[in-house]
Amino acid sequence: MLPIFVCEDNKIQRERLVGYINDAIMFEHYDMEVEIASGNPDEVLEAVQKKMGLGLYFLDIDLNHLDFNGFELAKEIRKLDPRGFIVFFTTHAEMTYLTFTYKIEAMDYIVKDNLSDVKERVRACLESVQERLEDDSNTSNYFTFHVSDKKVIHEKMEDILFFETSPKTHRVVMHSKNRQVEFYAKLKQIENSLGEPFYRCHRSFLVNKDNISEVDMKTGTITMVNGEECIASNKLIKGLQL
């Protein structure tokens, strides 16, 4: 899931912006979520540091803060997320040139004045990010699965613990370090789309060997790095022997 970070110090404008983002996510079924929406750049930066991955950032330029304006916040974010998508949000269209002064690559620059235009520009930004994620040359580092024409699962390979068949027919549950997602698929279909380090350890489980903490050969229990457990069959567990 792609986290979205919003930093806007005007509460009304912040809530309106988050509303536009959530509406677009819900309508288009994007695999995205607003991680934090705050007027405090320190809070936003702390959230980025905790997440440490690819993100989408909507940053107001005119922040009421002693140490940061939006450009300075973007520079700090770039140190943590060099590939992140940055969108500046401001009332001053004439400040666009400062993105070059600060050497910040931004995907868009949205002027707040026209509300109907803002909504459309936010929607267009999310659509553009979705397209880039699907076309990214580095998607080998991600598990990307098209559940339908409108919904895509997009997860870092290194964050995935295991997949298991759901009690519900034709459904699979993805267990990752940060979430669980259930979607329509067959485990064999997932297995065929993935190579190492994923291993079919049971008819109902496909495990990421890189995230295994312990294997109990007697009970067939596999413990993952976060403490979650899955099982292996007597025959297939041999493939997990060190």
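Points worth noting:
- Residue match in segment 51-66 (condition: under 30 Å from H175 (Cβ atoms), without any contact (Cβ under 8 Å) to a residue 40 or more places away in the chain and either in contact with a Cys (Cβ under 6 Å, 6 or more places away or on another chain) or open to solvent by less than 50 Å² (accessible area, probe 1.4 Å) (or both)): no
- Within segment 180-208, if we keep just the residues that are open to solvent by less than 40 Å² (accessible area, probe 1.4 Å) and farther than 16 Å from I237 by Cα, the residue that is farthest from the chain's Cα centre (by Cα) turns out to be L187.
- Qualifying residue in segment 156-171 (condition: among the polar types (S, T, N, Q), in contact with a strand residue (DSSP E or B) (Cβ under 7 Å, 6 or more places away or on another chain), at pLDDT 90 or above and not in a helix (DSSP H, G or I)): yes
- Each residue in segment 108-133 was checked for being of a type in the set (K, R), without any contact (Cβ under 8 Å) to a residue 24 or more places away in the chain and exposed (fewer than 14 other Cβ atoms within 10 Å of the Cβ), and 0 pass.
- Considering segment 209-227, the residues that are under 19 Å from H175 (Cα atoms) and part of a strand (DSSP E or B) include one that is most open to solvent (accessible area, probe 1.4 Å), namely E214.
- Note on segment 1-93: enclosed helices (runs of 4 or more DSSP H) holding 2 or more residues that are modelled with pLDDT under 90 are 41-51, 70-80.
- H175 being modelled with pLDDT of 90 or more, over 14 Å from the mean Cα position of the chain (by Cα) and of a type outside the set (F, W, Y): yes
- Selection from segment 184-229 of residues that are in contact with a Leu (Cβ under 9 Å, 6 or more places away or on another chain) and among the aromatic types (F, W, Y): F198, Y199, F205
The values are calculated or read from the model by the stated rules, or taken from the named source; none is laboratory data. Remember, predicted model here, so these are calculated numbers, not experimental data. All Cβ positions, even for glycine, are placed from backbone atoms using ideal geometry, and neighbour counts span all protein chains on display. Heads up: the accessible areas ignore ligands, DNA and RNA and are worked out on the full protein's heavy atoms, side chains in. Shrake-Rupley method; radii C 1.70, N 1.55, O 1.52, S 1.80 Å.
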